[in-house]
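Notes to accompany the following structure.
The values are calculated or read from the model by the stated rules, or taken from the named source; none is laboratory data. Everything numeric here is computed off the predicted structure, so don't read it as measured data. Counting neighbours? That spans all protein chains shown, and the Cβs are built from the backbone with ideal geometry, glycine included. For accessibility, only protein heavy atoms count, side chains too; no ligands or nucleic acids. Shrake-Rupley method; radii C 1.70, N 1.55, O 1.52, S 1.80 Å.
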Amino acid sequence: MSINELKREVLKYYVRAYEEKLISGTSGNASAFSRKKNVMVITPSGVDPADLTESGMVVVSFDGKVLEGAGAPSSEWMMHALIYRAVKEAKAVLHTHSAFAAAFAVAGQAVPELLPETALYLKGGVPVCGYAPAGTFELAKIVSETLKTSTACLMRNHGVAVYGQNPKNAYMRAVCAEETAKICFYAKLLAGGEACMTPQAP
């Protein structure tokens with residue numbers, strides 16, 4: 001994809017994540033990586049998704065230098081950059097603060113591989129990685145290391161990070177993480193913790 005095409009795709013699925021309430025306010029961020037140009041297209045810092053336009057997207061180098069765009073890149077740009085460096089399959093990254101998945105992150109509990117769609121999009125479920133302050137290199141390192149063996153992770157006391165082959169795939173994984181967390185939460189209320197064990201074949 002061209003840089004302009006990446007801008008459109010990142011914006012499209014970032015806004016969809018906002019509309020699906022995976023993001024509230026300016027709490028999330030999204031990006032895509034152009035391996036051909038070795039740059040990231042990323043959402044800007046502090047801009048409401050409802051107000052964001054294609055021209056407002058930011059293009060940055062891997063050291064955070066702004067190459068296109070008037071605003072500052074997301075404060076989590078380092079996390080996106082390290083994920084692309086650590087996971088060669090990653091071509092898009094989405095970070096959300098969706099309520100049920102974030103509740104699991106605060107509780108320090110992984111989201112198990114409960115449903116057929118979970119197995120399809122999030123093989124092995126969603127593990128919890130360690131805590132580090134938002135926007136730091138420490139958090140970026142922890143998340144990127146976790147995503148070497150998982151397609152998504154819960155950032156302790158924070159939210160969700162997923163990668164995908166493209167912005168749509170990353171969005172679908174974020175939706176699946178939230179839906180699985182929601183179902184697991186209600187299953188725990190109905191039947192206790194054992195209701196959220198990964199199913200075993202007979």
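Rounded if a/c is under 1.5, else prolate if a/b is larger than b/c, else oblate: which is the stretch 12-59, with a ≥ b ≥ c the root eigenvalues of its Cα gyration tensor? Cα axes put the stretch 12-59 in the prolate bin. For residue 72, the amide hydrogen comes within under 5 Å of the amide hydrogens of 45, counting only partners 5 or more places away or on other chains and with H modelled in the peptide plane. In this structure, the amide hydrogen of residue 27, modeled 1.01 Å from its nitrogen in the peptide plane, lies closer than 5 angstrom to no residue at least 5 positions away or on a different chain.
Largest accessible area first, the residues 16, 173 order themselves as 16, 173 under a 1.4 Å probe with ligands, DNA and RNA left out.
3J(HN,Hα) along the stretch 41-50, derived from phi through the Karplus expression 6.51 cos²θ - 1.76 cosθ + 1.60 where θ = phi - 60°, amounts to 9, 9, 5, x, 7, x, 10, 4, x, 5 Hz, with x in place of Gly and Pro. For the chain, adding -39500 (n - 2.57) for each run of n ≥ 4 DSSP H residues and dividing by the number of residues yields -12000 deg cm²/dmol at 222 nm. By DSSP, the beta bridges lying fully in the stretch 50-202 are antiparallel in about 85 percent of cases.
Straight-line cross-link reach from residue 21 at under 17 Å between alpha-carbon atoms covers these aspartates and glutamates, not counting any fewer than eight positions away in the same chain: 48, 51, 178, 179. Rounded to the nearest 20, the Cβ-based charge dipole of the chain about its Cα centre (Lys and Arg +1, Asp and Glu -1) stands at 500 debye. Remark: the stretch 51-57, residue by residue, has Karplus-estimated 3J(HN,Hα) of 9, 6, 10, 4, 5, x, 5 Hz, where x stands for each Gly or Pro and the curve is 6.51 cos²θ - 1.76 cosθ + 1.60 at θ = phi - 60°. Computed packing ranks the peptides 45-58, 138-151 as 138-151, 45-58, most packed first, by mean other Cβ atoms within 10 Å. The accessible surface of the stretch 67-130, taken with every protein chain in place and a 1.4 Å probe, is 60 percent carbon and sulfur.
Distance from the Cα centroid of the stretch 1-62 to that of the stretch 65-79 is 10 Å (rounded to whole angstrom). Among the complete DSSP H segments of the chain, which ones combine at least 30 Å of alpha-carbon extent along their axis with a mean Kyte-Doolittle hydropathy of -0.5 or more? Helices passing the filter in the chain: 167-191. When the chain is treated as a GNM with alpha-carbon contacts under 10 Å, the residue of 132, 161, 177 showing the greatest mean-square fluctuation is 132.
To the nearest 20 Debye, how big is the dipole of the stretch 43-124 about its Cα centre, given +1 on the beta carbon of each Lys and Arg and -1 on that of each Asp and Glu?
On the way: 5 positive and 9 negative charges, 69 e Å.
Its charge dipole is roughly 340 debye.
Here Cα extents along the principal axes in Å was calculated from the structure, and among [x] 68, 51, 25; [y] 55, 45, 26; [z] 53, 31, 30 it sits at label [z].
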